[in-house]
Each structure stands twice: as structure tokens, then as C-alpha cells.
Amino acid sequence: MNFISPELDIKLLQNVETQNPCIYFKFKGKFSVEASIAGSNAWGQYMDEKPNQKFEFVWDCEQMSGFDLNARKEWYNAMQKYKDRVAMVYVISNGIMIRSAAKVMLEFFRIPSKICRTD
């Protein structure tokens, strides 16, 4: 899986420890609702092709400057649909607002996470 856009790149990796497929998200600039919808559709479609597989996510937000509230809402909708198939989310960010928003979302869905500060 490869998805490339001005605000979001997505690629497939593998966690060598757990052997789970890992979807790596690189957020760039301000995350818009259009990028959220297009990105959610891309990774959702990929996960639909592998219905019995659990995934790990890496949300690399180091280059993210912020997000539209409606973009977050669209991402919530996608996470709601796939929350039982996400084994772990790793969040990388130097921004407290971004880390906090990710933490709230992941706790809401009860998805295990590790949030890393990079500053």
C-alpha cells in the first residue's frame, strides 16, 4: 500500500517483533478534511482486503503543524470502524496539542498506544 499526498503519506511496513503489518502515516503541514477523507479511504480499503488481520499504526506527526476539526472528525469515523483491528498505535510528535488530541482519541477507542515526544 502506498498513498502519497501533500499532507499525508501512507506506506506499509512490518513490525519485526510482533510480525504484525504496520501502516506508517507521515502527516505534513496542516491536516485538512480532504486529506483525512482520502487517507482514511486508502487505509480503510487496504484493511478491508485483509479482514482477519490486526494492524499496528505509526502516526508520524513531526511535520504536522495542526489539523482542521472536521479532519479529526473524519479520522474518528474511520477509527471507529476499524478500532477492533488496530493492535497498537505509536504516535510521534513534538507538539503537545497533537499528542493530546491523539491520546484522547486513542483512549476513547481503547486502542493501546505509545506516545513519543520528539523535542
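The values are calculated or read from the model by the stated rules, or taken from the named source; none is laboratory data. Keep in mind the model is a prediction, meaning the values are calculated, not measured. Cβ atoms come from the backbone with ideal geometry, glycine included; neighbour counts cover every protein chain shown. For the accessible areas, the whole protein counts, side chains as well, though only heavy atoms, and no ligand, DNA or RNA atoms are used. Shrake-Rupley method; radii C 1.70, N 1.55, O 1.52, S 1.80 Å.
Quick notes
- Considered as a group, the residues in region 21-43 that are more than 13 Å from LYS11 (Cβ to Cβ) and aliphatic (A, V, I, L, M) include one that is surrounded by the most Cβ atoms within 10 Å (Cβ to Cβ), and that residue is ALA35.
- Per this entry, TRP43 is not counted among residues that are at pLDDT 95 or above and either assigned to a strand (DSSP E or B) or not hydrophobic (A, V, I, L, M, F, W, C) (or both).
- Answer residue from region 4-19, given it is under 16 Å from LYS50 (Cβ atoms) and open to solvent by less than 100 Å² (accessible area, probe 1.4 Å) and is nearest to the chain's Cα centre (by Cα) among those: ILE10
- Residue identified as without any contact (Cβ under 8 Å) to a residue 40 or more places away in the chain and open to solvent by 70 Å² or more (accessible area, probe 1.4 Å) among ASP60, ASP84: ASP84
- Failed criterion for TYR90 (all others in (1) surrounded by fewer than 13 Cβ atoms within 10 Å (Cβ to Cβ); (2) not in a helix (DSSP H, G or I) hold): (1)
- Selection status of SER100, part of a helix (DSSP H, G or I), within 12 Å of the chain's Cα centre (by Cα) and among the small types (Gly, Ala, Ser): no
Matching residues to (1) out of contact with any strand residue (DSSP E or B) (no Cβ under 6 Å at 6 or more places or on another chain); (2) on the phi > 0 side of the Ramachandran plot; (3) at pLDDT 95 or above:
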{"site": "PRO51", "(1), (2), (3)": "yes, no, no"}
{"site": "CYS61", "(1), (2), (3)": "no, no, yes"}
{"site": "SER65", "(1), (2), (3)": "no, no, no"}
{"site": "TYR76", "(1), (2), (3)": "yes, no, no"}
{"site": "VAL91", "(1), (2), (3)": "no, no, yes"}
{"site": "ARG99", "(1), (2), (3)": "no, no, no"}
{"site": "PRO112", "(1), (2), (3)": "no, no, yes"}
{"site": "ARG117", "(1), (2), (3)": "yes, no, no"}
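- Which numbered condition GLU49 misses (of (1) under 24 Å from GLU17 (Cα atoms); (2) of a type outside the set (A, V, I, L, M, F, W, C); (3) surrounded by 14 or more Cβ atoms within 10 Å (Cβ to Cβ); (4) out of contact with any Lys or Arg (no Cβ under 7 Å at 6 or more places or on another chain)): (3)
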